[in-house]
Amino acid sequence: QVQLVESGGGLVQPGGSLRLSCAASGSIFSKYLMGWYRQAPGKQRELVATITTGDSTNYADSVKGRFTIARDKSKNTVYLQMNSLKPEDTAVYYCNAGGRTYGSWGQGTQVTVSS
């Protein structure tokens, strides 16, 4: 079982930036698709970004050009750099390893974008 621990959430003003981190137990990057998802109150969990074992990335249309997913294999850590944040980005952000259906999830970190 992969263990994932997110950090880096918080309160930020519109237009600001945050960087989320996801520390994974063990060496998983050669095995798993990694991703970030988010869930706003009253809404379903949605995909934000993914990165494959070959470093190919994919983004939700709503975050393209503003968010960047990356990973540091030496630290077993995945990052989500979020720029130009909007109030609609407010949500709990979850790290995932292995895909939405059968993968492992972190506990989530709250991101609030508000003035």
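The values are calculated or read from the model by the stated rules, or taken from the named source; none is laboratory data. This structure is a prediction, so every number in the text was calculated from the model and none was measured. Positions of Cβ are generated from backbone atoms using ideal geometry, with glycine treated the same way; all protein chains shown enter the neighbour counts. Note: accessible area is taken over every heavy atom of the protein model, side chains too, but ligands, DNA and RNA are not part of it. Shrake-Rupley method; radii C 1.70, N 1.55, O 1.52, S 1.80 Å.
Test Arg19 against the criterion of being open to solvent by 60 Å² or more (accessible area, probe 1.4 Å) and within 11 Å of the chain's Cα centre (by Cα), and give yes or no. Yes: the conditions hold for Arg19. Here Ser25 passes the criteria (1) under 17 Å from Val5 (Cα atoms); (2) modelled with pLDDT of 90 or more except the one numbered (2). If only residues of region 43-57 that are modelled with pLDDT of 95 or more, assigned to a loop (DSSP other than H, G, I, E, B) and not polar (S, T, N, Q) are counted, the one that is surrounded by the most Cβ atoms within 10 Å (Cβ to Cβ) is Arg45.
Pick from region 59-76 the residues that are crowded, with 18+ Cβ neighbours inside 10 Å and among the β-branched types (Val, Ile, Thr): which of them is farthest from Val113 (Cα to Cα)? Checked region 59-76; the qualifying residue farthest from Val113 (Cα to Cα) is Ile69.
Among the residues making up region 22-42, those that are in contact with a Gly (Cβ under 9 Å, 6 or more places away or on another chain) and exposed (fewer than 15 other Cβ atoms within 10 Å of the Cβ) are Lys31, Gln39. Within region 89-98, is there a residue that is over 14 Å from the mean Cα position of the chain (by Cα) and part of a loop (DSSP other than H, G, I, E, B)? The answer is no, given that none of the residues of region 89-98 is over 14 Å from the mean Cα position of the chain (by Cα) and part of a loop (DSSP other than H, G, I, E, B).
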